[in-house]
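Read through the structure below, which is laid out as structure tokens, and then see the notes.
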Amino acid sequence: MELEHRSQILLELLLNRSTPIIIEDICKQMNISRRTFYYVLDVLNEWLNAHQFTPLENIRGVGLQLSLVEKAAISRISKSNVGTVYTQDERVNLLLYILLANQENLHSQNLIDFMNVSRNTLFNDLKTVREKLIGYDLDLQYVNNEGYQVLGDVIKIRTAFIYTHWKIIKIEELNRINSNSEFIVFNNENKLDIYNRVKEVEKRLNTSYVVGTISALSSLLNIMITIEQEDVTFDNSATYLLSTPEFDVIKQIFPELSENEMLYISLHLLGARTQIPNERMNMPSLSTLAVDLVNEFERISAYRF
């Protein structure tokens, strides 16, 4: 018996929770009405009954929950009968992540297969994606017979990519990314090597970075190195970065990057420090560097302090 898509989402939601969840929260996460919820629950209960499991029952004031024994047994069956399913928020963030990582058109069928959704659901999700991209001054273009592509300034595209990365981390940590994904942003044999090289950058600079920075920069470098990208450009005000330890180390560890890309990563590293070794605290240029960093941030983000 095949499980209807929304019932798949409900099942996945329950399998990944350690505490009960009330109907109101389920409806909000799945973006469905209470009436639709009961239909979805009925379909899921039919599937559970067909596999000799006790149907789910909503307990007033508590909600729905699967026991550890039920989760283990259902997981063994669902892995072979149900593909990975995502909530609407997860789908939108995954679509953003994939589209922002690619500089070429992506066919809708590839996205449908990855998301395990209908064509209609994909199109509705892409409407939300387009709205979110507008907030970054970016646009989602569709070309007949070619697919979708994000258009706009490359620095703004990368800013949106890094921001979206924070929302993807939890999905990756739960190993819920489709293992058969053809997208390099998820499956690339060089990802671990790139991550280890970024860790080496941190070690050589004798500093530490904001939690998650290494993961985010590794993902960004993964697509910068693996997928053909438009090069970033800097004016003469960024030349001070050439004399920073960050640029020197990046040049040694990531020689495949262009000079402008090295400057770009150096700027990220300078802004991500959480501590600076004592021997460098008295650098005469430190306050000047701070001003330059703020100015560069204002230029990139179009935000004024």
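Run down Asp231, Asp193 and say which single residue is surrounded by fewer than 19 Cβ atoms within 10 Å (Cβ to Cβ), of a type in the set (Asp, Glu) and assigned to a helix (DSSP H, G or I).
Selected residue: Asp193, the only one of Asp231, Asp193 that is surrounded by fewer than 19 Cβ atoms within 10 Å (Cβ to Cβ), of a type in the set (Asp, Glu) and assigned to a helix (DSSP H, G or I).
Which of the numbered conditions does Val211 fail, given that it passes all the others? Conditions: (1) among the β-branched types (Val, Ile, Thr); (2) in contact with a Leu (Cβ under 8 Å, 6 or more places away or on another chain); (3) outside any helix (DSSP H, G or I); (4) farther than 23 Å from Val92 by Cβ.
(2)
Of the residues that sit in segment 134-147 and are within 18 Å of the chain's Cα centre (by Cα) and at pLDDT below 95, which one is surrounded by the fewest Cβ atoms within 10 Å (Cβ to Cβ)?
Gly135
Listed residues Ile171, Ile162; which is closer than 21 Å to Asn16 by Cα and either in contact with a Pro (Cβ under 8 Å, 6 or more places away or on another chain) or among the hydrophobic types (A, V, I, L, M, F, W, C) (or both)?
Matching residue, one of Ile171, Ile162: Ile171.
Which of the following residues is surrounded by 17 or more Cβ atoms within 10 Å (Cβ to Cβ), part of a helix (DSSP H, G or I) and at pLDDT 85 or above: Leu66, Leu96?
Leu96
Here is a list: Glu182, Glu202, Glu228. Which entry is outside the structural domain of Leu270 (by TED's automatic domain parsing), farther than 17 Å from Pro255 by Cβ and among the acidic types (Asp, Glu)?
Result of the check over Glu182, Glu202, Glu228: Glu182.
Please verify whether Ile155 is surrounded by 13 or more Cβ atoms within 10 Å (Cβ to Cβ), among the hydrophobic types (A, V, I, L, M, F, W, C) and touching a Ser or Thr at 6+ places or on another chain (Cβ under 7 Å), treating the condition exactly as stated.
no
Scanning segment 256-268 for residues that are more than 18 Å from Ile214 (Cα to Cα) and not in a helix (DSSP H, G or I), which turns out modelled with the highest pLDDT?
Of everything passing the filter in segment 256-268, Glu256 is modelled with the highest pLDDT.
The values are calculated or read from the model by the stated rules, or taken from the named source; none is laboratory data. The model shown is predicted, which means the values in this text are computed figures rather than measured ones. Positions of Cβ are backbone-derived with ideal geometry, glycine not excepted, and every protein chain shown enters the neighbour counts.
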